[in-house]
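For reference, the structure discussed in these notes is given below.
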Amino acid sequence: IPQRGGLEARLLHEGPSRKKGIQIGICIRLNSGLTLFQSIPNEVRLSNQEWMYRKFNLVRCMERSSLMSTWILEEQGQSLADHGLNDAEYVLCGGGFPIRLKNAGIIGAVTVSALPHEEDHAFIVECLAGYLNADADSLL
């Protein structure tokens, strides 16, 4: 990803985590599983890293944000098991967002963990909106 450094800087230094003093784990991973970037502040626990992995798996499988998948499955009265997915490797909650490239589709995901799951999602949307100079509502 040519401008990967810019996204990392936006997420870590210019984003809401710095403005609000939030300690949050961040991971940028390709669909192949290759981790391009990860930051785990001292205040973030190993369990947050595991949550990010499970959120990534859900985004990769469902090809939409983990929060959108959560809402859709809840609305349909379905569980992960209904889709052949297990709770050890997938999780229904916000905090995972697909990276979609024009003419290439979804190539990976940004995941975060440490806040309540809807705030995790909002954190990603706010950072991406700033990075892309876009309206946050257009990213939902």
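The values are calculated or read from the model by the stated rules, or taken from the named source; none is laboratory data. Predicted, not measured: the structure shown is a model, and the values here were computed from it. Every residue, glycine as well, gets a Cβ built from its backbone with ideal geometry; the counts of neighbours run over all protein chains shown. To get the accessible areas, we keep the full protein, side chains included, count just its heavy atoms, and leave off ligands, DNA and RNA. Shrake-Rupley method; radii C 1.70, N 1.55, O 1.52, S 1.80 Å.
Scanning the range 70-87 for residues that are surrounded by 13 or more Cβ atoms within 10 Å (Cβ to Cβ) and farther than 20 Å from Glu118 by Cβ gives His83, Leu85.
Could you pull out every one of the helices (runs of 4 or more DSSP H) wholly within the range 36-140 that has 3 or more residues that are of a type in the set (A, V, I, L, M) and farther than 28 Å from Gly21 by Cβ?
So the answer is 66-75.
In the set Lys55, Lys102, only one residue is among the charged types (D, E, K, R) and closer than 17 Å to Gln38 by Cα; that residue is Lys55.
Looking only at residues of the range 35-69 that are under 12 Å from the mean Cα position of the chain (by Cα) and basic (Lys, Arg), we find that the one that is most open to solvent (accessible area, probe 1.4 Å) is Arg60.
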